[in-house]
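Right, one structure below, let's go through it.
The values are calculated or read from the model by the stated rules, or taken from the named source; none is laboratory data. Fair warning: this is a prediction, and the values are worked out from it, not measured in the lab. Cβ sites come from the backbone with ideal geometry, for glycine too, and all protein chains shown count toward neighbours. SASA here: full protein model, heavy atoms, side chains in, ligands and nucleic acids out. Shrake-Rupley method; radii C 1.70, N 1.55, O 1.52, S 1.80 Å.
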Amino acid sequence: MRSTKDLLFEYHSRYFHRPARAQRPTLSNYLAMWRHFPAWRKYVLRPEGGPISDAIPWISYPAIRRLQQILTENDRVFEWGGGGSSLFFVDRVQELITVEHDTEWYHSLLQEKKEKGVQNWRIVSAPPVHGKDEHSSSSDRYRGMSFRAYCRSITQFDGEFDIIVIDGRAREKCLDYAHEKIAPAGVIVFDNTERKKYRDAISQYEKDYSVENVFGPAPYAQIFTMTTFMRRLS
């Protein structure tokens, strides 16, 4: 079993190996980061639980905290990619729409909805089809597949959304559609922006948004990740 000393060193090292555009390592956020060490250490030493059973998004602890701060009970939320985030949202917002590309996981989410007995959660299945285009995924698993219906699914719903979460496939293209459907002062939550290709996509829209990059340790893994909160400027 790994010692606490080794884990402390790894935790500290991961904090300072930050992706470009992550918030600067100030004393305040350095000290704040350590509040999450016990939970991170516990999972590294004895993996258990998961986003579904714990009903939390699979994003970093600081990003979860930020999300809790901006949500209101009147929010209308759309998400590409369902899971623990869906169970987190459905108890906190007025309306939730989840779009899922994986058919098997889609049916698992339907079962979760049935067990919860909620009426404010709509789940949509939008699997990819053969035919590579600008709505493609970089994953080898989906080589030669188009996620056009998946990305465009948000356009079938009337009105705008207060929160839009991008945490699924073809994320750069999803951002294009999210930009058209986000409400004034609404927030786009773009996960895993430690990846340069996602930061490059966001940079195309920075003049229209107040951008906050939140970096930190993630639950259920030893990694640190970054989530970007894009608040639409009025």
Residue in segment 180-190 that is open to solvent by less than 40 Å² (accessible area, probe 1.4 Å), over 29 Å from Met33 (Cα atoms) and basic (Lys, Arg) present: yes
Sole exception among (1) aromatic (Phe, Trp, Tyr); (2) in a helix (DSSP H, G or I); (3) open to solvent by 20 Å² or more (accessible area, probe 1.4 Å); (4) within 19 Å of Gly168 (Cα to Cα) for Phe88, by number: (3)
Matching entry among Ser60, Ser53, Ser3 (being open to solvent by less than 40 Å² (accessible area, probe 1.4 Å) and among the polar types (S, T, N, Q)): Ser60
Answer from Phe9, Phe37, Phe78 - the residue that is among the aromatic types (Phe, Trp, Tyr) and without any contact (Cβ under 8 Å) to a residue 40 or more places away in the chain: Phe9
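Answer yes or no as to whether Asp167 is among the acidic types (Asp, Glu), open to solvent by less than 10 Å² (accessible area, probe 1.4 Å) and in contact with a strand residue (DSSP E or B) (Cβ under 7 Å, 6 or more places away or on another chain).
no
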Every residue from segment 115-169 that is of a type in the set (Gly, Ala, Ser), assigned to a loop (DSSP other than H, G, I, E, B) and closer than 30 Å to Asn74 by Cβ: Gly117, Ala126, Gly159, Gly168
